[in-house]
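Chemist: The structure follows.
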Amino acid sequence: MTPPTPEPDRETLLEIYRTATRIKLFDEKYRSLMASGHIVGMYYSPRGQEIVPSAIARHLRRDDYLVTTYRGLHDQVAKGVPLRELWAEYVGKAAGSCRGKGGPMHVTAPEHGLMVTTGVVGSGLPIANGLGLSARLRGTDQVTVVNFGDGASNIGAFHEALNLASLWQLPVIFVCQNNRYAEYTPLREGTTVARVAERAASYSMPGYTVDGNDPVEMYRAAGDAVARARAGGGPTLLEAMTFRFCGHIIGDQQVYMPKEELAAAIEADPLPRLRADLSSRGVAAEDLDELDRAAAAEVQDACDFAMAAPLPSPDELTTDVYAKAVAA
Ligand SMILES: Cc1ncc(C[n+]2csc(CCOP(=O)(O)OP(=O)(O)O)c2C)c(N)n1
Ligand SMILES: [Mg+2]
């Protein structure tokens, strides 16, 4: 048994706030450039879900693995992928982490532990098992965190992956970011259980539902799961309750959700709440303002860098794509 994770101290909460602010500002800037026609392409806003990966990240090392979906900007930033590389990849530039060939649907940055961004719902979970098995075979104590949505918990791959991870006691943390909707379908219309975490019992795995927007609760639950996996205690299913403010796609009118539900979620925005909590813990308003300014400057720098960066040259097209060189 690993000891329970203690309450996060003020510095830890400040780091969670810093990460969450970087995500929020990146997202807001990116959406404003889409709205003004400067960026055209696929993008899905994680606004509202920032606390979940920001709290988990406090327990991860650079060499730990992350698997996420194409809706996972927040997961990618929290894992520590540099903002310049990330923004450049999102807009298909040569300076991106995949030299522009991954794009927002398939960003990877293995040197920062971002191993897979997948567009197929649920497909990341078996891949996470593979990464967990690889750490086991190499005798390291690396852990793998895989993020997915509530809808993904109804996909066969979710069930297969949980079964195998438990059977082989793999060092994988399954993080279901439950934002109450899968595309336009409310959770209760597509899922038999009230809590996704209940499904862990079918696979003899610990499963917990936590308030993913509460940094203290999220930090402690993630700490316990990561410590257990690192110590050889096997996988955990963490269901992090959260909400996505902008719906399924950019321009989503969100007519499929009650107006009051959306208004209440936005009213409970976890970022101002954490800011207020930090103030009550004695962090000066000027220090929080300075942190916000620094995050905004970093985002602006990434944006300026990426937007001005060149596109990949045509001969990049087949580089790193095939195991053996092919004739153009
Ligand atoms: C196998 C598969 N089926 C359908 C889709 C289309 N699709 C994309 S996102 C999505 C809903 C996913 O919901 P959830 O797992 O709750 O993730 P969220 O977007 O809410 O984070 C669907 C059905 C897909 N990408 N892959
Ligand atoms: Mg969802």
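The values are calculated or read from the model by the stated rules, or taken from the named source; none is laboratory data. Bear in mind that the values here come from a model prediction, so they are computed numbers and not experimental data. Note that each Cβ is placed from the backbone with ideal geometry, even for glycine, and that neighbours are counted across all protein chains shown.
Chemist: Can you find, within region 26-76, the residue that is nearest to ligand 2 (Cβ to nearest atom) among those that are of a type in the set (F, W, Y) and over 14 Å from T108 (Cα atoms)?
Modeler: Out of the qualifying residues, it is Y44.
Chemist: Against the definition (of a type in the set (A, V, I, L, M, F, W, C), part of a helix (DSSP H, G or I), buried (at least 22 other Cβ atoms within 10 Å of the Cβ) and away from ligand 1 (no atom under 16 Å from the Cβ)), how does A88 come out, yes or no?
Modeler: yes
Chemist: Here's a check for you: in region 107-134, which residue that is out of contact with any strand residue (DSSP E or B) (no Cβ under 7 Å at 6 or more places or on another chain) and either assigned to a helix (DSSP H, G or I) or over 29 Å from V193 (Cα atoms) (or both) is nearest to ligand 1 (Cβ to nearest atom)?
Modeler: That would be P126.
Chemist: Would you mention how many residues in region 17-55 are among the small types (G, A, S), over 15 Å from the mean Cα position of the chain (by Cα) and assigned to a helix (DSSP H, G or I)?
Modeler: 2
Yes/no matrix, rows are residues, columns are (1) away from ligand 2 (no atom under 16 Å from the Cβ); (2) out of contact with any helix residue (DSSP H, G or I) (no Cβ under 7 Å at 6 or more places or on another chain):
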| position | (1), (2) |
| --- | --- |
| D141 | yes, no |
| F158 | no, no |
| P171 | yes, no |
| F174 | no, no |
| P186 | no, yes |
| V196 | no, no |
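Chemist: Being surrounded by fewer than 23 Cβ atoms within 10 Å (Cβ to Cβ) and under 18 Å from the mean Cα position of the chain (by Cα) is the filter; apply it to region 157-205 and report the residue that is farthest from ligand 1 (Cβ to nearest atom).
Modeler: Ranking the qualifying residues of region 157-205, first place goes to R180.
Chemist: Being within 17 Å of V52 (Cβ to Cβ) and surrounded by 12 or more Cβ atoms within 10 Å (Cβ to Cβ) narrows it down to one residue among L291, L278, L237, L262; which is it?
Modeler: Checking each option against the conditions leaves just L237.
Chemist: Continuing with the same structure: Kindly indicate whether any position in region 138-155 is part of a helix (DSSP H, G or I), surrounded by fewer than 18 Cβ atoms within 10 Å (Cβ to Cβ) and modelled with pLDDT of 95 or more.
Modeler: Yes: one or more hits.
Chemist: Step by step: first the residues of region 250-276, then only those that are in contact with a Pro (Cβ under 8 Å, 6 or more places away or on another chain) and in a helix (DSSP H, G or I), then the one that is nearest to K24 (Cα to Cα). Which residue is that?
Modeler: Looking only at region 250-276, we keep the residues that are in contact with a Pro (Cβ under 8 Å, 6 or more places away or on another chain), and these are 256-257, 270, 274.
Filter once more, so that each one left must be in a helix (DSSP H, G or I): 270, 274.
Working: P270: 11, L274: 13 Å.
Ranking the qualifying residues of region 250-276, first place goes to P270.
Chemist: Go through region 291-316 and give me each residue that's free of Cβ contacts under 8 Å to residues at least 60 places away in the same chain and not basic (K, R).
Modeler: Of everything in region 291-316, those that are free of Cβ contacts under 8 Å to residues at least 60 places away in the same chain and not basic (K, R) turn out to be A294, A297, D304, A308, P314, D315.
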